1. Which of these, 55, 119, 70, has the largest mean-square fluctuation under a Gaussian network model of the chain (Cα springs below 10 Å)?
2. By count of other Cβ within 10 Å, fewest leading, how are 223, 276, 71, 241 ordered?
3. Return, ordered by residue number, the residues of region 70-98 whose backbone nitrogen is under 15 Å from a label point located 7 Å along Cα→Cβ of residue 146.
4. So how tilted is helix 229-251 from the main axis of the chain? Cα-based, degrees 0 to 90, rounded to 10.
5. Using the Kirkwood radius over Cα pairs, work out the Stokes-Einstein diffusion coefficient for the chain at 25 °C and 0.890 mPa s, in µm²/s as a whole number.
6. If you take the C-alpha gyration tensor of region 174-313, multiply each eigenvalue by 5 and take the square root, what semi-axes do you get, largest first, in whole Å?
7. So what is the relative contact order for the chain, in percent, with contacts set as C-alpha pairs under 8 Å and at least six apart?
8. By how many nm would the segment from residue 56 to residue 175 grow when fully extended, if each residue of separation counts as 0.36 nm and the alpha-carbon distance is taken off?
């Protein structure tokens, strides 16, 4: 279609990047605290306070939203290519729930562990949960693509139930709620830098995009071209697990993001990861920033956690995607 060619070209990507910049500016300017341009450039002690407020609170939050949105969207795309199913992402495969269980375990066993240690533990648990998900897929007859996310949701529900029970027994339910609900209101300078690891991993996935495109065509096809499919799958799932763990440790879970954005891009660009990743990353940032801005405006000066906003909008878009994909399969 002509409109798809026009939208998918460099002009369309440039328009998305312009929108991303506009949303970043809006995110920096919003908040309960007052921040005026006159104060920033007025000089004196008032200007120093305004700049500190900007660089310690507003800018870190916007950067954290951008990094989380980009990396999670790319993680969802990687998982969909490896599993060869468009309805899979970290929150529909038990990955995020496993990462949360890992944080709970390390909190109980070694509460003084630094943040990087919690991230590594969460990554290990997330990888184990994702591998368990893949093992279940090999043992269940997949008569329809919709069975795959259903298995992941059931697995995630079981892991979440175990995590909730353990948290209840050790009086950590409030902490568990904070880990599972995406919220960037507490992000400050010094509390979000781990997200750069997720961004670096997303860049690494882009560097290997052609290999993952081939891997998405199946084990036999990839092996015939000389690729080690098992190693590619393990590395890809490790990237997905690490990104999920970094985001959960920093700001909590963000549902549907890795599902909605890659599917929207694939409807226009197809399954070429080299071509899709820049779009997926940019639109992931746009979606997260837009949802965060909505959450901050609805009941201003209070705010709704981004996990809630993304959950509501994402579920609506997910139903639309289900209908769209089902019509195509039919």
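1. Highest fluctuation among the options: 55.
2. Final ranking by Cβ density, sparse to dense: 223, 276, 241, 71.
3. Those under the cut-off are 86-88.
4. Computed tilt is about 30 degrees.
5. Estimated via Stokes-Einstein, D reaches 120 µm²/s.
6. Over the Cα atoms of region 174-313, the ellipsoid semi-axes are 32, 17, 12 Å.
7. 29 percent
8. 40.4 nm
No value in this document is a laboratory result; all are computed from the given coordinates. Owing to the predicted nature of the structure, the values given are computational and were not obtained by experimental measurement. Quick reminder, even Gly has a Cβ in these numbers, built from the backbone with ideal geometry, and neighbours come from all protein chains shown.
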